[in-house]
Amino acid sequence: MQGNVYRVGTRPEFQLHDQSKRDFMNKTKGLSVAAALMALVPPGVRQGAWAAGSDAPEKTDVKIGFMPLTDCASVVVAAAKGFDKKYGINIVPRKEASWAAVRDKTLSRELDAAHVLYGLVYGVHLGVGGPKQDMAVLMTLNNNGQGISLAHHLLQKGVTDGTSLARLIKTGAREFTFAHTFPTGTHAMWLYYWLASHGINPLSEVKTITVAPPEMVENARIGNMDGFCVGEPWNARGIFDQVSFSVASSQDVWADHPEKVLGTTADFVTRHPNTARAMTMALLEAARYIDHPGNRSEVARLIAADAYVNAPLAVIEDRFLGKYEDGRGNAWNDPHAMRFYNDGKVPFPYLSDGMWFLTQHKRWGLLKAHPDYLAIARQINRIDLYTEAATQTGTPLPASDMRTSTLMDGVIWDGTHPAAYADSFAVGADRALPARTV
């Protein structure tokens, strides 16, 4: 598709090749047929099928790793509220210190699955985010709820948003440092996208470092960095401690974006397909519970405990309820706050979501050549198991395994023509905007 470029605020009307059309129709048809077939089985029969016989979980005690972040809630709730027992498993939440530890312990089988960064799973599958190993995404755990914060000292330089930050950086006064949580992870991609949308090349005009989420605020406090992108509650904690202020939420970059997933190795799914399905069902039940407005404060209190997020309730609860402030006197109710279920829209593992991370990995030089975007997403995102789990739990299924989204710069992403999309950005690993006069 040479010569076709996604432009800001517009969407080119590409015509799909006949084969692409057939592929897309087959995917959609397959998804609908799978749901229809499962719906033919009486609910009582399906319930018994998962609880005994050949569909009984192959492994009943499952260790699920998590990072101390607000969006670990579905793992914690599934175990604390007994949704795991309903499907014949015992979830053992395991708190980890870094995303690298989550990766390593999942690959070594010390963990059976994990609350994990979407882009980490895809990076490992392709060998660019650690040792190469085939991976699986069982479901999306949440949309939204991450953030970009800047250190307080930038306020003294007149920085309050992306435009004023770009103006300061382009003076060349000194090197500026920004942190994310993992090189192929979601936070790196939100940070890079946000900076680039303001004309700042994150690979050449600033220094980026990797810092574990709970260490972000302290590193900003002691002057190790000028800003960071991380999951909640650590942006709110920076405001609470008067160390940093919020300049953007991840939903400002992409409203209702995919974030953490229930990830595991492909080998685990091959050896324990029923266990994988049971985990997915338990977390779907937990996600539905969390998104009920009457349960949100209770869940905030639960995950605030030392064993989980280990942060003051006041730091967790407001943003969990959608009540935002930026540390500069502005407050609002965010219409795209963190969601876990949203009538089944959140947990479905859309192929286009996984493909988006691949386009950004290519954009920023993590991948040297265009991969087969759709084929890789089909390998990783286990829509077959998800469909069975969703049908069993009464979770609505979408009409398609692709979805359409508009990001902060007006560019539309819908999963079609991923190579053209990845190559269309003015700022990337091999290209930059012309220098601007400040």
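The values are calculated or read from the model by the stated rules, or taken from the named source; none is laboratory data. A quick note: this is a predicted structure, and the numbers were derived from the prediction, not measured. Neighbour counts run over all protein chains shown; Cβ positions are idealised from the backbone, glycine included. SASA here: full protein model, heavy atoms, side chains in, ligands and nucleic acids out. Shrake-Rupley method; radii C 1.70, N 1.55, O 1.52, S 1.80 Å.
Applying the condition of being more than 22 Å from the chain's Cα centre (by Cα) and either assigned to a helix (DSSP H, G or I) or without any contact (Cβ under 8 Å) to a residue 24 or more places away in the chain (or both) to the range 78-108 and asking which residue is surrounded by the most Cβ atoms within 10 Å (Cβ to Cβ) yields Asp84. Among the residues of the range 258-284, those that are touching a helix residue (DSSP H, G or I) at 6+ places or on another chain (Cβ under 8 Å) and open to solvent by 20 Å² or more (accessible area, probe 1.4 Å) comprise Ala266, Pro273. Filtering Ala422, Ala375 for residues that are part of a helix (DSSP H, G or I), under 21 Å from Met135 (Cα atoms), out of contact with any Asp or Glu (no Cβ under 7 Å at 6 or more places or on another chain) and modelled with pLDDT of 95 or more leaves a single hit, Ala375. Just one residue in the set Ala151, Ala173, Ala212 is at pLDDT below 95, among the aliphatic types (A, V, I, L, M) and farther than 21 Å from Trp254 by Cα; that residue is Ala173. Considering each residue of the range 258-272 in turn, none proves to be closer than 25 Å to Asn330 by Cα and not β-branched (Val, Ile, Thr). Scanning the range 51-77 for residues that are touching a strand residue (DSSP E or B) at 6+ places or on another chain (Cβ under 9 Å) and either among the polar types (S, T, N, Q) or open to solvent by 10 Å² or more (accessible area, probe 1.4 Å) (or both) turns up Thr60, Asp61, Lys63, Thr70, Ser74. Gly428 satisfies every condition listed in (1) closer than 27 Å to Leu141 by Cα; (2) under 22 Å from the mean Cα position of the chain (by Cα) except (1).
Here Thr160 qualifies as hydroxyl-bearing (Ser, Thr, Tyr), closer than 19 Å to Ser250 by Cα and more than 22 Å from the chain's Cα centre (by Cα).
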